[in-house]
Amino acid sequence: MADSLHKGKKSSESISKSIHDHADGGYAITDEPVTVDQNYISWLREHPSALSSFSRMINEAKGKQIVVFLDYDGTLSPIVSDPDSAFMSDQMRAAVRDVSSCFPTAIISGRSRQKVYEFIKLEGLYYSGSHGMDTIGPALKTNSYDKGYQQRSFDNEGNELMVFQPAQDFLPAIKKILTEVTKRTQNIPGVAIEDNKFCVSVHYRHVKDEDYGRLEKEVKSMLANYADFHMTNGKMVMEIRPSIKWNKGDALKYLLEALGFRESGDVFPIYIGDDRTDEDAFKVLRERGEGYPILVSATPRDTAALYSLHGPSEVQSFLTRLSRWGFDNADTAHHK
Ligand SMILES: O=P(O)(O)OC[C@H]1O[C@H](O[C@H]2O[C@H](CO)[C@@H](O)[C@H](O)[C@H]2O)[C@H](O)[C@@H](O)[C@@H]1O
């Protein structure tokens, strides 16, 4: 079955270096041969590499507080066939840790908050799971969000944090959906159901083409009984979500506000993600007219992101470079 997000003509030339690097005297990314599609090269002109544009980005960020937002699957870890084995490399973990020691950093993932934390295992970051419907961030100083969905929490050093769960009312129905979808799909070989707390993932990466229609029909006919839920599509996954107006873009806005940057021009948010659900966050940055929306993709894609990175290894290079800059400019750059 074709992964629609990864369609793209394969042909063209093979080159021995990533075409992303060096434009501003930057770093070599990889020595592995990379097959490059001509369409991809044209697309890169529209969505330049965040590595090649690094110096420009830093110039734009001068005098502003950089805040880093990172998606998990496909961004910090490569897409793998078993969702439970999407481990992050130690090098990537070090890159995220270093960046987070320079700048406020948040993970925004479709996974449950607990699960994404278990993969990343780093303190000192903010985590938003279930596509932004379960966020732990700084304590809000404003009244813009419903207090009924907020709960105080503390980190290991006793700093006050806030958990915000705007889809809390849907939990009982989500539990029912989880049971029902598991039952309805148990006879379809290859289906994997993942409990993401405020949403449910129905993975079909290992479902045969001839069974896909049956699976989609089952999910859709079940959803017909749950008017308050809808389905979105990710990479070989159907995601069942409560129909509230809340997505990764809203979580990004929420976290910026909690950090004290509701409408401020003094902030420079960098958002890196690879999935359709990350488009909501890219759009928020475009609307705000600030920061750096970066799509991780090895093929041309329609996107609201302005910049690109080829895959997780380039994400790692970008984060490493950002933290080096942060450490070197600790006296002038805005830090945590
Ligand atoms: O927002 P994200 O952190 O990118 O999460 C989106 C979904 O990611 C995971 O599924 C995807 O990655 C898996 C591991 O590489 C892969 O096997 C699967 O096919 C992909 O769809 C996660 O398992 C989902 O629950 C997330 O919604």
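Throughout, read-outs are computed from the coordinates displayed, never taken from laboratory work. Everything numeric here is computed off the predicted structure, so don't read it as measured data. For neighbour counting, all protein chains shown are included, and Cβ atoms are generated from backbone atoms with ideal geometry for every residue, glycine included.
Residues whose amide H comes within less than 5 Å of that of Ile107, counting only those at least five positions distant or on another chain, are Leu70, Tyr126, Tyr127, Ser128 (H built at 1.01 Å from N in the peptide plane).
Taken as Cα centroids, region 39-75 and region 227-254 sit 25 Å apart, rounded to the nearest whole angstrom.
Order of 154-162, 173-181 by packing, highest average Cβ count within 10 Å first?
On the way: 154-162: 10.8, 173-181: 16.6.
Ranked by mean Cβ neighbours within 10 Å, highest first: 173-181, 154-162.
Entry note, the chain: relative contact order of 23 percent, from Cα contacts under 8 Å with a spacing of 6+ residues. Kirkwood-type hydrodynamic radius, region 169-242: 12.1 Å, calculated from all non-identical alpha-carbon pairs.
Comparing Asp228, Asp71, Asp278 in a Gaussian network model of the chain (Cα springs below 10 Å), the most mobile by mean-square fluctuation is Asp228. Taking amide H as placed 1.01 Å from N in the peptide plane, the amide H of Gln65 sits under 5 Å from that of Val267, Phe268, each at least 5 places away or on another chain. For the listed residue pairs Lys141/Lys248; Lys141/Lys235; Lys121/Lys147; Lys175/Lys253; Lys115/Lys245, the alpha carbons are over 32 angstrom apart in Lys141/Lys235.
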